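Engineer: Pasting in a structure now, in structure tokens, and then I'll have a few things to ask.
The values are calculated or read from the model by the stated rules, or taken from the named source; none is laboratory data. These numbers come from a predicted model, not from an experiment. Glycine gets a Cβ as well: all are built from the backbone with ideal geometry, and neighbour counts include every protein chain shown. Calculation scope for accessible area: heavy atoms of the full protein, side chains included, ligands and nucleic acids excluded. Shrake-Rupley method; radii C 1.70, N 1.55, O 1.52, S 1.80 Å.
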Amino acid sequence: MTGHYLIFGPPAAGKGTQAASFKEHLGVPHISTGDMFRAHLKGDTAIGLQVKDILAAGKLVPDTVTNAMVAERLAEADTAQGALLDGFPRNVLQASWLDGYLAGRGTKLAGVVVLRVPEDELKERLISRAEKENRSDDADPEVVQRRLDTYREQSEPCIAYYLDQAIVPVHEVDGVGSIDEVRQRIQGAVR
Ligand code: AMP
């Protein structure tokens, strides 16, 4: 089951939660660009300083910064057999960059899992996550709306990009239900 997979979907669709079991199922490391940026913020690194205001506003970090960070991570030894990417790509240019990067390594994506959750439910989840995880980009309704709009306008077109190419299997999974139900749907879809 190893290879490079994406777990794709809007903010609060459950990508991070599901990635925890899905990466075990696949036997590859989980790479979350959102987690990586938050670690840079915490560590006060140069990238952290560069992206602080962008994350707080719910906008996308420039592709040059994001792609370079992903390239560096994908060059590490633990991803030799593949990786589960979460939060990347976020737009069609990143998707096409990733295709080129993987082609350069003589490989391509093995599968894309798209988590589908209605927008009303996403908003409720984002509000309760702000309370639980103290994530400032979840707390402000305006920022939450911007992130949902950014997903619809810039990220969702990646699904059409993969469907048009018809090179990688795209598995659309209902993301509403218990963690265990969604886990089973994902593993059933990618079999
Ligand atoms: P996430 O945890 O995936 O919702 O990401 C949190 C924030 O990190 C996003 O709102 C963006 O500001 C930034 N981010 C994460 N992944 C990307 C990406 N692939 N491209 C640009 N910005 C990103």
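Engineer: Where q = 0.12, 0.18 Å⁻¹, what log10 of I(q)/I(0) comes from the Debye formula for the chain, counting one point per Cα?
Structural biologist: -0.56, -1.37
Engineer: Still on this structure, please answer the following. Per residue, how much accessible area does the stretch 54-141 show when a 1.4 Å probe rolls over the protein heavy atoms, in square angstrom?
Structural biologist: Accessible area per residue, the stretch 54-141: 49 Å².
Engineer: Further question: Based on alpha-carbon centroids, what's the gap between the stretch 135-169 and the stretch 42-81 in Å, whole number please?
Structural biologist: 17 Å
Engineer: Kindly provide the helix-only [θ] at 222 nm of the chain, computed as the sum of -39,500 (n - 2.57) over DSSP H runs of four or more divided by all residues, to the nearest 500 deg cm²/dmol?
Structural biologist: For the chain, the value works out to -17000 deg cm²/dmol.
Engineer: ASP180 accessible area, nearest 10 Å², 1.4 Å probe?
Structural biologist: 80 Å²
Engineer: Based on the mean of other beta carbon atoms within 10 Å per residue, what is the order of 2-9, 99-106, most packed first?
Structural biologist: 2-9, 99-106
Engineer: How much FRET efficiency would the formula 1/(1 + (r/R0)^6) give for LYS59 and LYS132, where r is the Cβ-Cβ distance and R0 is 30 Å, rounded to 0.05?
Structural biologist: That gives a FRET efficiency of 0.80.
Engineer: Read phi for every residue in the stretch 152-164 and hand back ³J(HN,Hα) as whole Hz from Karplus 6.51 cos²θ - 1.76 cosθ + 1.60, θ = phi - 60°, with x for Gly and Pro.
Structural biologist: 3J(HN,Hα) across the stretch 152-164, in whole Hz: 5, 7, 10, 8, 4, x, 4, 5, 4, 4, 6, 5, 5.
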